[in-house]
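Participant: For reference, the structure I am asking about is given below.
Nothing in this text is a laboratory measurement; each read-out follows from the coordinates by a stated rule. The structure presented is a predicted model; accordingly, all values stated were derived computationally and were not measured. Virtual Cβ from ideal backbone geometry, glycine too; neighbours counted across all protein chains shown.
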Amino acid sequence: MPTTSTAESKFIPPGRNCGACGCRTCDEYIARTSLGSLDYQACPFYSVPGKIVRSDIPFVEKYSGIDVLGQPYDYVMTAMPGEPSARKIVLPFRSDSVERMEIVPGDIVVGRPAGAGCPINHVMKVIDADPVTGVITGHVLGPALSRGHYEDVKEVKMYHMLGFEGRAIPITREPQFGVRQHFLPGFCMMDRAHTALCNMVIKKPWGIHARVENIIIL
């Protein structure tokens, strides 16, 4: 059984659900390491104060406000209470995909946000799919969920990334209604700042509920 140090027990994975550790989610990783059935170093982002196992992959316990290319961002867009990630709003290049592929809530959809130039395929669990407009809203999950865990993954190939909705955590500035700002999607594996126009900001007891659209990576 792996030996757990006090420093290791304080390590929290970044919540990207990448599947590299062999678990479907970061929550499963936490559960298994807590029980001692998985070594903490299985996480490629593993780091504790004074000890970095994988120095080639940057990890910060708290968001630094600077992305991997040195671009500052104003806030992080992350999950609302009880949800696994910020809601992602996309439109497949074939707008009839929802109707043609019979995409419904609960389905797992895979595709690449080519409209914004992102090179990474994303895995989404659908929470809404409009057969008229073709717009799909879903939660971003780790890529492991498309690798044998679901038999009926629906591949839409490429899509336009329309927007995000979730909890905005200010780093240097809150989201401003009607203003284009730099922000970081909390699940972004590239650690790359995006820009978007904010068209909804609501202060709630748990934080700032925001929606942003017209996503561009600059």
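Participant: Please report the orientation-averaged projected area of the range 159-218, defined via the convex hull of its C-alpha atoms, in nm².
Facilitator: Convex hull of Cα atoms, orientation-averaged projection: 4.2 nm².
Participant: Compute and list, largest first, the equivalent-ellipsoid semi-axes of the range 66-214 from the alpha carbon gyration tensor, each √(5λ) rounded to a whole angstrom.
Facilitator: Working: eigenvalues 132, 51, 43 Å².
They are 26, 16, 15 Å, listed from largest to smallest.
Participant: Roughly how big is the range 60-218's charge dipole about its Cα centre, with Cβ charges of +1 (Lys, Arg) and -1 (Asp, Glu), in debye to the nearest 20? Mind dumping the intermediate values first?
Facilitator: Working: 17 positive and 17 negative charges, 74 e Å.
So the magnitude is around 360 debye.
Participant: Hey, what did the range 89-218 get for relative contact order, percent, Cα under 8 Å, at least 6 apart?
Facilitator: It rounds to 24 percent for the range 89-218.
Participant: Right, here's the next one. Using θ = phi - 60° and the Karplus curve 6.51 cos²θ - 1.76 cosθ + 1.60, what whole-Hz ³J(HN,Hα) does each residue of the range 72-77 get, with Gly and Pro shown as x?
Facilitator: Per-residue couplings from phi come out as x, 9, 7, 7, 10, 9 Hz.
Participant: State the extension gain, in nm to one decimal, for the chain segment bounded by Ile127 and Lys204, taking 0.36 nm per residue of separation less the distance between their alpha-carbons. Can you show the working numbers first?
Facilitator: Details: separation 77, 0.36 × 77 = 27.72 nm, distance 2.20 nm.
Extra length from Ile127 to Lys204 when fully extended: 25.5 nm.
Participant: Roughly how many nanometres apart are two label points built 7 Å out from the Cα toward the Cβ at Phe177 and Met189?
Facilitator: Here the modelled spin labels are 3.7 nm apart.
Participant: Working out 0.36 nm times the residue gap between Ala114 and Ala42, then minus their Cα-Cα distance, what length gain in nm do you get to one decimal? Don't skip to the answer; put the middle values down first.
Facilitator: Values: separation 72, 0.36 × 72 = 25.92 nm, distance 3.08 nm.
Computed gain between Ala114 and Ala42 is 22.8 nm.
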